[in-house]
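The values are calculated or read from the model by the stated rules, or taken from the named source; none is laboratory data. Small disclaimer: the values here were computed from a predicted structure and weren't measured. Virtual Cβ from ideal backbone geometry, glycine too; neighbours counted across all protein chains shown. In case anyone asks, the SASA skips ligands and DNA or RNA and just uses the protein heavy atoms, side chains included. Shrake-Rupley method; radii C 1.70, N 1.55, O 1.52, S 1.80 Å.
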4 protein chains.
Amino acid sequence: MTGLFDGTFARGGAAQAVSDEAWFRALLDAEAALARAAAGLGLVPTTAADAVTAAAADPGGLDLATVIVRAADDGNPVPPLVRVLRDAVGERDAVAVHVGATSQDILDTALVLLARTALGAIDGDLAAAAEAAARLAAAHRDDVVMGRTLMQQALPTTFGLKAAGWLAGLDGARLRLAEVTASLPVQYGGAAGTLAASGGSGVALRTAFATELGLADTPAPWHTVRLPIADLAGVLGAVAGVVATVAVDVVLLAQTEVAEVSEGGARGGS
Amino acid sequence: MTGLFDGTFARGGAAQAVSDEAWFRALLDAEAALARAAAGLGLVPTTAADAVTAAAADPGGLDLATVIVRAADDGNPVPPLVRVLRDAVGERDAVAVHVGATSQDILDTALVLLARTALGAIDGDLAAAAEAAARLAAAHRDDVVMGRTLMQQALPTTFGLKAAGWLAGLDGARLRLAEVTASLPVQYGGAAGTLAASGGSGVALRTAFATELGLADTPAPWHTVRLPIADLAGVLGAVAGVVATVAVDVVLLAQTEVAEVSEGGARGGS
Amino acid sequence: MTGLFDGTFARGGAAQAVSDEAWFRALLDAEAALARAAAGLGLVPTTAADAVTAAAADPGGLDLATVIVRAADDGNPVPPLVRVLRDAVGERDAVAVHVGATSQDILDTALVLLARTALGAIDGDLAAAAEAAARLAAAHRDDVVMGRTLMQQALPTTFGLKAAGWLAGLDGARLRLAEVTASLPVQYGGAAGTLAASGGSGVALRTAFATELGLADTPAPWHTVRLPIADLAGVLGAVAGVVATVAVDVVLLAQTEVAEVSEGGARGGS
Amino acid sequence: MTGLFDGTFARGGAAQAVSDEAWFRALLDAEAALARAAAGLGLVPTTAADAVTAAAADPGGLDLATVIVRAADDGNPVPPLVRVLRDAVGERDAVAVHVGATSQDILDTALVLLARTALGAIDGDLAAAAEAAARLAAAHRDDVVMGRTLMQQALPTTFGLKAAGWLAGLDGARLRLAEVTASLPVQYGGAAGTLAASGGSGVALRTAFATELGLADTPAPWHTVRLPIADLAGVLGAVAGVVATVAVDVVLLAQTEVAEVSEGGARGGS
C-alpha cells in the first residue's frame, strides 16, 4: 500500500527510482559490477564473480531485514550488506565481494545509478511535455493573445510563440539533463581514497568498474570533491525552474477572467 | 519493516511524529475536535459529535485504503477522508463532520498538530543533550584545554566553559522551540477564508476549535499568510545550527591528534 | 553619488543602516560604550572613557582611510580601528580603548547595533503598510470581490477581508520583529571567550556594556553559538514572506482582466 | 576610496567585474553592439552606429548622474540611459540607439557580459590555485601523511594524493566554468519577446548582435525561461563547493596539533 502523501504527491518513475527497493538493487548492482570488473582483470576467479552476480540478482535470497537493522548501528548500509552477500556466496567465492572497496565507493556508485534512472524518468516526462509544447506551438502559431509586461497587457503576441518559449525551455532542460547523465562517474578509491587495497590494479579496476556500469571514469576519487553532486543539484534546479515557469504561465492563463487556456486545451484565440 | 534509509538515518520520535499513521491520526483528531467544538456551540447535536469522535478514534474501522487512492486524484486527502468519515457515522450524524470547513482548514490544523508532536520529540532530545552538557560543564569546570582562534591554539580555556557554551546554545534553542510551540495556531476559515459556511458562528467556532486542540486562536485565517510555517522553519533552522555547532566541536575535539574528547566521555584535561 | 543599482533597488532606511558609514559609527559606538562601562566599574579612569567617547563621536578626526587599507590585511577592521582610536586619545587614555575585548566582541556588537537600526527602518515601512491595509480593510469592508481557489474564481468575499488578511500578516511580522529586536544581545567574551583579560570583572563588564547600548545581556558569549543571527535570518525571512504575499496578491488583482486594484487605489467594488 | 567591507572581503577581479562602473560599461557596450549589428544588416546608417559606438565608448561625456536618479523612478536604468544616449548622438543618429529592443534585452545582455568578465576573473584565480595544487602534488608525491575517515586517523596516504584531489576538483570546476562561459547567450526579443519592433529582421539582428559581442545566439528569447541564470548559479555553487573543500582541508591540516601544512607551505612529511 502506497503511503498517504507518497501516493498523493510523489508519483511516477522518479519516485520509484529512489525507493528503498531501488536503493538495494543499486547497491547490489554496484557490488556485482565490481566483482565482474575484478574478474575481467584476473584479480578474482570468474566463477566467484558469477556467484556474486547471481546472488545480487536475487535480493529475495538475501537477508535484507538484517541489513536494515545493522545499517542503523553502522550508520551506513554497506558493511552489513557486504556481510550478507559474502554469506550468500559462501567462503570460497567471498573473495569477489567488495574487492578493494570502501563503503563510500559502493554508496556513491549506487547513488549515481539511482540518479541515472531518476534523471531518465524525469527526461521522459520532459520529452512528453516538450512534444505537447511543440504541438501547441504549431497549432496556435497564428492565434493572437495578449503579451504582458509585469502582468499588465502590453502588446499582442501569439499563443504559438508562448508555447515555443516553453518548448525552448524544456529542450534546454533536457540538453542539460543529458550532459549531466553522460558525465555521472563511478566512485572507486578504497579506504582513504588511496586504492591501497586494490593490489596495484586500482586504476585499471576503476576503469573496468565504470565500463561494467556504463558510467564515466574519473582520474581520481571524488569522495571529498563532490562536483557530480553539484551537477545533479544544478540540473535539477534548472529543470524545476523551467517546469515552474511553464506551470505558472498556465495557471495565470487559466484564471477565470483571462481564460486563455483551460484544462481541456488551449483557447488561444481559436 | 522500517525502510533502509529511514531506519538508518531517521530514527526516533520526530520521525514517527510525521509518519503516514500520524498524519491520518492528526487529520482525524482535527475533524473530531471540530465536531465537538460545533456541538459545544449548539451547531450540531452532541450525539453526532460523539459519533464522529468515536469513529475518528478508531482508524481501523475506516476505509483508509480508499482515502489513499482517491487522495491522488483530488490532490489532497481531506475530501475522500470526509466522505469515509461521513459513511462511517451514518447519514443522521454526518452533519457533524467538517462543519463549515474547507480542506485547508483540516490539513493545516493537522500539520500543526504533527508539528507540535515533532517539536516535543525534538525538545526531549535537546533536553537530554542540555542535561549532558550541564553535567560536563560541572565535572570539567577546572579542566584546562586549549582555546582556539580560527582553529589555531590561542589561549587556555576550560572544557567546562566549552560545555557551558553548548548548554547556553541548547537552552536557547529550547526556549525558541517552546515559544513557537505555544504559538502554533488552529486553521479555520472555510472556503476562501470567509467563514461563510459557518452560519454566523465562524469566529466563535474557530475559538472553540482551538480550545479543543490546545492550539492558539487567530484573528484571521492564515491560509495565505504563512507566518506559522515561517516560524517552524526558523526554529528548526536555529535548532539545527546549534546541534551542528556542538557536533562539529565534538568531531574537532575528537580528532586523533587533539583527543580532548572520545566516545567514552570527555578527556578534558582530567 | 548613490550607485546605479543601489539607487534603483536598495533605497530607504534599511540600506543606509548597513552602509560603510553606519558600520564605522557602530564599531566606534561599541568601543565608546565599552570604555564608559569599564569606567563605571572603576576599571579605567572616567576621563579616559570620556576621551574615547569624544574621539568616537568625531569620525572625521580619525584616520579611517588607514583602517580600510589595513583591514584588508588583518581580514578584520577592528585591530586597525583600535590602533587609530588609541592614537587619537593619546597614550594616557589609551587604557580605556577595547578593555579586555577581542575583535569579535566589537564586530558582533556593531553588527547587532546595525541590525537594530535596520530592523527599525523595516518596521517603519511595515507600520506604514499595515496602516494602509487597515484603511483599505475599513473602507472596503462591504465591497464584494471574487475569492479564488488555486487562482480560479470560487466564492464571493470582500476586498476588506483580503486587506484584513494583509493587515494580520503585517502585524504578525511586526510582532516578530519587535521580539527579535528586544532580544538582540551584546557580545563580550574576550579572546577565546574566557573573559580572562577583563581582570575578574568580565561578567559585570558585559552587563554594563549591554546597559550602555540598550542591548540584552547574555550569560555566555555567543561567538560560536549563533542563535541571534539565526533569529535575524528567521525574522527577515518571515517579513519577506509576508511582504511577498501582499505584493503577489496586488499584482494578481491588478492584472488588466481582473482590475480589482489599480495604482491609484483599490477598485474593490467602489 | 574602497569601502570598509568591500576592501576587506571583496577584492580582486570578480568584485570589479560587477561594480557600478562595470554595469554602465556593459549596458553601453550592449547598446553599441546592437547599433553596429543593425547597421551591418542595413537597418540603420553606419554613420549613426558609429556615433552610438563613439558615445558609448566615452561614458564621461554622458549624463550618468541623471540616469541614476531616473533609474529609481523607472525601476530600471535602461530607459533613462537610452534617453541620455540619444541626446548625446543627436536627433539624426538617435535612430541607431536601442533598435527594436526592450529594456530587458539590454539588461540581460549586460548581465551576461558582466558574468563573462567575472567568470574570467574567477577562472584566473582557479587556474593559479590549480597550478599550486599541481606543484604540491608533484613535490609531495611520496610524503606520507595520515588519511582520515570521519576526521579520525585511518590509513596512511600521501600529501601528494591529497593535493591531486584538490587539483582534480579545481580542474573540474574550471571545465564547468568554461562550458557555462561559452554558452552565455545574448538577449534580444523586443517588447513581449515578439521581435515585432525589429521590422522583420529580428532573428537576423539577434544573430548579428550575438556575433558583435562574441556571445551565443538563441532560437528564442530567454526573458521568461531563465536557464542561463540557472547555469550561472549552478556553476558558481560548484566552484564555491570545490574552493570550500580545499579551504576546509587546509584549515584542518593546519591545526596546531596536526600541523601538516603551515602558511609558509606544506610540511607534508618533508
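Ignoring ligands, DNA and RNA and using a 1.4 Å probe, state the total buried accessible area between A and D in Å², rounded to the nearest 100. Display every interim value, and only then the final one.
On the way: alone 14080 and 14100 Å², together 26290 Å².
What A and D bury together is about 1900 Å².
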Checklist entry - What nm distance separates the two modelled labels at A:Thr256 and B:Glu257, each placed 7 Å from Cα along Cα→Cβ? => result 7.0
Item to check | Nonlocal amide H pairs with C:Leu215, under 5 Å, H built at 1.01 Å | outcome: none
Checklist entry - Zone of D:Asp217 (label point 7 Å along Cα→Cβ, backbone N under 16 Å): which residues in the range A:143-184? => result none
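Estimate the FRET efficiency between C:Asp58 and A:Thr207 by the formula 1/(1 + (r/R0)^6), using the beta-carbon distance for r and 56 Å for R0, to the nearest 0.05.
Details: r = 70 Å, r/R0 = 1.25.
Here the calculated transfer efficiency is 0.20.
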Next on the checklist: Taking the 0 to 90 degree range and rounding to the nearest ten, how far is the long axis of helix C:20-40 tilted relative to the main principal axis of chain C, both from C-alpha atoms?
Outcome noted: 50
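Tally up the carbon and sulfur contribution to the accessible surface of the range A:13-253 as a whole percent, 1.4 Å probe, everything protein left in place. Can you show the working numbers first?
Numbers: 5940 of 9980 Å².
After summing per-atom areas, the C and S share lands at 60 percent.
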Checklist entry - Where along chain C is the Cβ that lies nearest the axis linking it to chain B, and how many Å separate them? => result C:Gly234, 1
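Kindly report the accessible area of chain C per residue (heavy atoms of protein chains, probe 1.4 Å, no ligands, DNA or RNA), in Å². Let's see the in-between values first.
Values: 11740 Å² over 270 residues.
It amounts to 43 Å² per residue over chain C.
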Checklist entry - Pairing the Cα long axis of helix C:159-183 with the longest principal axis of chain C, what angle in degrees results, from 0 to 90 and rounded to the nearest 10? => result 10
Next on the checklist: Through the Karplus equation 6.51 cos²θ - 1.76 cosθ + 1.60, θ set to phi - 60°, convert the phi angles of the range C:109-119 into ³J(HN,Hα) values in whole Hz; use x for Gly and Pro.
Outcome noted: 5, 5, 4, 5, 5, 4, 4, 4, 5, 5, 5
Checklist entry - Taking GluC sites (Glu not before Pro) that fall in a DSSP loop and have at most 15 other Cβ atoms within 10 Å as cut points, what is the longest piece of chain D between them? => result D:92-256
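Using Cα-Cα distances under 8 Å and only pairs 6 or more residues apart, what relative contact order does the range C:13-253 have, in percent?
Numbers: 321 pairs, mean separation 49.8, N = 241.
Answer for the range C:13-253 is 21 percent.
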Next on the checklist: Connecting C-alpha atoms closer than 10 Å in a GNM of chain B, tell me which of B:Val186, B:Val144, B:Val52 has the biggest fluctuation.
Outcome noted: B:Val144
Checklist outcome for this item: Treating only Lys and Arg (+1) and Asp and Glu (-1) as charged, each at its beta carbon, one finds that the range B:13-253 has a dipole about its Cα centre, in Debye to the nearest 20, of 540
Next on the checklist: Need one number: nm distance between label points at D:Ser183 and D:Glu91, each 7 Å from Cα along Cα→Cβ, rounded to one decimal.
Outcome noted: 4.9
Checklist entry - In degrees between 0 and 90, to the nearest 10, how far off the longest principal axis of chain C does helix C:227-253 point, with axes built from Cα atoms? => result 20
Next on the checklist: If each residue of separation counts as 0.36 nm, what is the full-extension length gain between C:Asp142 and C:Ala240 once their alpha-carbon separation is subtracted?
Outcome noted: 32.4 nm
Checklist outcome for this item: Scan of chain A for trypsin sites (Lys or Arg not before Pro) in DSSP loops with at most 16 other beta-carbon atoms within 10 Å gives a longest site-free stretch of A:142-270
Checklist entry - What are the nm distances, shortest first, from D:Gly75 to its equivalents in the other copies, labels at 7 Å along Cα→Cβ? => result 2.8, 4.3, 5.1
Checklist entry - Taking accessible area as the heavy-atom solvent-accessible surface of the protein chains with a 1.4 Å probe, which residues of the range C:218-238 lose no less than 40 Å² upon going from the isolated chain to the full protein assembly? => result C:Val225, C:Leu227
Next on the checklist: If I take R0 = 35 Å and measure r between the Cβ atoms of B:Asp125 and B:Leu41 in this structure, what FRET efficiency does the formula 1/(1 + (r/R0)^6) give, to the nearest 0.05?
Outcome noted: 0.35
Checklist entry - Under 5 Å between amide H atoms, partner at least 5 residues away or on a different chain: which partners does A:Ala154 have, H built in plane at 1.01 Å? => result A:Gly147, A:Arg148, A:Thr149
Checklist entry - How far apart are the D:Asp142 label points across copies, placing each 7 Å from Cα toward Cβ, in nm, shortest first? => result 5.3, 8.0, 9.6
Item to check | B:Thr102 long-range amide H proximity, modeled H, under 5 Å | outcome: B:Gly189, B:Gly190, B:Ala191
Next on the checklist: What percent of all Cα-Cα pairs in the protein assembly as shown falls into each 20 Å bin, going from 0 up to the bin containing the maximum distance?
Outcome noted: 10, 33, 41, 16, 0
Next on the checklist: Test of understanding: in a Gaussian network model of chain D with alpha carbons linked when under 10 Å, which of D:Gly90, D:Gly199, D:Gly120 would top the mean-square fluctuation ranking?
Outcome noted: D:Gly199
Checklist entry - If you take the alpha carbon radius of gyration of chain B and divide it by 2.2 N^0.38 Å, what ratio comes out, to two decimals? => result 1.31
Next on the checklist: Given a 1.4 Å probe, show me the residues in the range D:187-213 buried by at least 10 Å² of accessible surface when comparing the whole protein assembly to the chain alone.
Outcome noted: D:Ala191, D:Ala192, D:Gly193, D:Thr194
Checklist entry - When each copy gets a label point 7 Å from Cα toward the beta-carbon at D:Ala54, what are the spacings between them in nm, shortest first? => result 6.1, 8.7, 9.6
